[in-house]
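Report on the following structure.
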Amino acid sequence: MDELQLLNEFKKRMHISHSSEDVSLEDILKEASEYIISKTGLNEEDATAKTLLFARARYAYNHSLEKFEENFLSEVLGLSFEQYKGDADENEV
């Protein structure tokens with residue numbers, strides 16, 4: 001998924017119709033994407049990872065990033081574990 005498509009989908013989800021914050025939103029989405037990839041190994045092509053990416057971006061946009069891990073720790077860990085488990089299953093051939 002390209003950055004513009006991701007930006008437009010996030011703006012639609014957040015009900016943001018103007019473009020004055022696009023540069024800031026792009027930075028927020030990039031940071032959120034890097035975080036989710038670093039924690040789970042998955043990017044926005046995975047539906048659950050994309051949901052977490054948008055949630056983290058929403059928290060950053062609303063200046064509440066410090067609460068993201070507290071509220072989404074189980075989802076991040078679960079997705080990370082699923083990815084790890086999938087990698088381990090592939091190596092058992």
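Just so it is clear, none of the values below were taken in a lab; they were calculated from the coordinates. Small disclaimer: the values here were computed from a predicted structure and weren't measured. Here the Cβ positions follow ideal geometry from the backbone for every residue, glycine too, while neighbour counts run over all protein chains shown.
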Quick one: how many residues across the stretch 40-63 are among the charged types (D, E, K, R), more than 11 Å from residue 79 (Cα to Cα) and not in a helix (DSSP H, G or I)? 2
Any residue in the stretch 43-66 that is within 9 Å of the chain's Cα centre (by Cα), of a type in the set (Asp, Glu), surrounded by fewer than 16 Cβ atoms within 10 Å (Cβ to Cβ) and closer than 19 Å to residue 4 by Cβ? no
